[in-house]
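The block underneath contains the structure these notes are about, expressed in structure tokens.
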Amino acid sequence: MASKEPEHEQREDEEAPAAEDEDTGAQVAPIVKLEEIAVSTGEENEDPILDLKSKLYRFDKEGNQWKERGAGTVKLLKHKDTGKVRLVMRQSKTLKICANHLVLPTMTVQEHAGNDKSCLWHARDFADGELKDELFCIRFASVENCKTFMEVFQEVAESQNSKEENKDASDAAESLEKLSVEEKKAKVKSGEEKAVATEEEKETEKADAEKKDGEAASST
């Protein structure tokens, strides 16, 4: 009778362990090479005065109703060279421009009746690529943010008015200065002409006297 062999002895030919993957040192270049692109926001030459999260609405005259423009961040940006301030708002997800207009001295912002977190103002807006007369309503998360926006907006509008007045005063002063300089030049020129005329009269009188003296000497 044949004896039964133990199980560990039944298979003499076991598979050898798989060899580890060898590092060939080969480098695979990416199929597409992406280059870093500088994105311009158009705000590089401006300093932010105000930056608040809000939701913006515009009044649709045809439908006689308010329509949402988007939720995002409203900014007041002051240009470093000209000092002009514009209001810009972009949607938070798409960064699409909701509002884009200058803050002018003729603008006023008013609190929305019945909602102390909202306020209204009129503007000539350029968000859609062309100037449009718009009535905006903006809503904030808190009453404090709404008050801050209204105060800063009004201060900016008044400061722009002062700048316009100063510019007009400077232009007027410059015009007066030019006028006074021109008058001074005219007086100097007139004085020079008078001096020349006087010299010519003296020369004429001298010539007449010499002529008379010559005639008298010849008669003797």
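The values are calculated or read from the model by the stated rules, or taken from the named source; none is laboratory data. Predicted model, so just to flag it, every value in this text is computed and none were measured. So basically every Cβ, Gly included, is an ideal-geometry build from the backbone, and we count neighbours across all protein chains shown. The area values use the complete protein model at the heavy-atom level, side chains included, leaving out ligands, DNA and RNA. Shrake-Rupley method; radii C 1.70, N 1.55, O 1.52, S 1.80 Å.
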Revision key, fill the gap. Matching residues in region 131-154 (open to solvent by 50 Å² or more (accessible area, probe 1.4 Å) and outside any helix (DSSP H, G or I)) number 5
Practice item. Give Gln91, Gln110 a once-over and let me know the one that is open to solvent by 20 Å² or more (accessible area, probe 1.4 Å), on the phi < 0 side of the Ramachandran plot, of a type outside the set (Val, Ile, Thr) and in contact with a Gly (Cβ under 7 Å, 6 or more places away or on another chain). Key: Gln91
Check your understanding: Taking region 40-68 only, how many residues are open to solvent by 40 Å² or more (accessible area, probe 1.4 Å), without any contact (Cβ under 8 Å) to a residue 60 or more places away in the chain and part of a strand (DSSP E or B)?
Key -> 6
Check your understanding: Looking at region 69-88, which of its residues are part of a loop (DSSP other than H, G, I, E, B) and open to solvent by less than 70 Å² (accessible area, probe 1.4 Å)?
Key -> Gly83
Practice item. Say whether the condition of being exposed (fewer than 14 other Cβ atoms within 10 Å of the Cβ), touching a helix residue (DSSP H, G or I) at 6+ places or on another chain (Cβ under 7 Å) and farther than 19 Å from Gln91 by Cα is met by at least one residue in region 113-123. Key: yes
**Study point:** Candidate set from region 23-76 (those that are polar (S, T, N, Q) and over 30 Å from Met150 (Cα atoms)); member that is modelled with the lowest pLDDT
**Key:** Thr24
Revision key, fill the gap. Inside region 75-131, the number of residues satisfying the requirement of being under 18 Å from Gln160 (Cβ atoms) and hydroxyl-bearing (Ser, Thr, Tyr) is 3
